[in-house]
Amino acid sequence: KALTELSTVVEVETAGACTIPQARRISLASEFPTVKYHWHNPELFRHYKYCLVMENTNSSGYLTEKLIYALLAGCLPIYWGHPQVYDVIDSRSFLMYKSKETVDTLRYLESNASAYWEYVQHMPIVAHGNETLSSYFSLTQEFGNGALQQKLHERMGFLT
């Protein structure tokens, strides 16, 4: 459904199993030969203004690398997943896929180049600055005082 709706505004290209008849099917092997593994996705995504990134499930606590890869590539992600993503990633750095609302925003950004560039050039990525970094990414003492590391050690029964 998402691809069909988005294709009413922009040309859609697909490489994976998810596709629609009006999409241009790309061959990773011939068009992007350096993209062999999912961690190469930023190399692929950097060729696009937008990237539809969809999680495999809409479950609480489920956030994979997909959104991060799109952000690293510099495109504007259109994301489908659990709203808990807002705890980690700033809502101004991507479009949450919400059918008509997303299509309307995409239509506006496509018709207004300066609005698009303003959006992508000033988008923050981390939701709550150092608090988010400490809560979600502090796996060592050198980063965020190891707050996440300590939580994990406590849950695993290690002495801290």
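How much of the DSSP beta bridge set in the chain is antiparallel, as a percent to the nearest 5?
10 percent
With a 1.4 Å probe and every protein chain kept in, tell me what percent of the accessible surface of region 1-147 is carbon plus sulfur.
Carbon and sulfur: 55 percent of the exposed surface of region 1-147.
So what's the net charge close to TYR69: Lys and Arg +1, Asp and Glu -1, counting the other residues with Cβ under 15 Å from its Cβ?
Residues close to TYR69 contribute a combined charge of 0.
Restricting things to alpha carbons, tell me how big region 1-63 is in terms of Rg and Dmax, in Å.
In order Rg, Dmax, the Cα atoms of region 1-63 give 12.8, 37 Å.
Please give, to one decimal in nm, the separation of the simple spin-label points placed at THR19 and GLN84, each 7 Å out from Cα toward the Cβ.
The modelled label-to-label distance comes out at 3.4 nm.
Sequence-distant or interchain residues sharing an amide H contact under 5 Å with TYR62, placed H: which?
none
Would you please give the residues with an amide H less than 5 Å from that of MET54, counting only those at least 5 places away or on a separate chain, with H modeled from the backbone geometry?
Here TRP80 satisfy the definition.
Which lysines does LYS49 reach when only Cα atoms under 29 Å apart count, and residues fewer than 8 places away in its own chain are ignored?
Straight-distance partners of LYS49: LYS1, LYS36, LYS66, LYS98, LYS100.
Quote the charge dipole size of the chain about the Cα centre in Debye, to the nearest 20; the model charges only the Cβ of Lys and Arg (+1) and of Asp and Glu (-1).
300 debye
Compute the FRET efficiency between LEU139 and ARG92 as 1/(1 + (r/R0)^6), taking r as their Cβ-Cβ distance and R0 = 22 Å, and round to the nearest 0.05.
0.25
What list of ³J(HN,Hα) couplings, whole Hz, do you get for region 72-86 from phi and the Karplus terms 6.51, -1.76, 1.60, once you set θ to phi - 60° and write x for glycine and proline?
4, 6, x, 8, 8, x, 10, 10, 10, x, 6, x, 4, 4, 5
So what are the radius of gyration and Dmax for the Cα set of region 83-160, in Å?
17.8, 57
Can you tell me how much longer the chain between THR57 and GLU31 gets when fully stretched, taken as 0.36 nm per residue apart minus their C-alpha distance, in nm with one decimal?
Going from the current span to full extension adds 6.4 nm.
Taking only protein heavy atoms and a 1.4 Å probe, what accessible area per residue, in Å², does the chain have with all protein chains in place?
61 Å²
Suppose R0 equals 30 Å; then what is the FRET efficiency for LYS151 and GLU43 from their Cβ-Cβ distance, rounded to the nearest 0.05?
Plugging the Cβ-Cβ distance into 1/(1 + (r/R0)^6) gives 0.35.
Would you calculate a helix-derived [θ] at 222 nm for the chain, using -39,500 (n - 2.57) for each DSSP H run of n ≥ 4 and dividing by the full residue count, to the nearest 500?
-9500 deg cm²/dmol
The values are calculated or read from the model by the stated rules, or taken from the named source; none is laboratory data. Only a predicted model underlies this, so the values are computations on that prediction, with no experimental measurement involved. Cβ atoms come from the backbone with ideal geometry, glycine included; neighbour counts cover every protein chain shown. Only protein heavy atoms, including side chains, enter the accessible area calculation; ligands, DNA and RNA are left aside. Shrake-Rupley method; radii C 1.70, N 1.55, O 1.52, S 1.80 Å.
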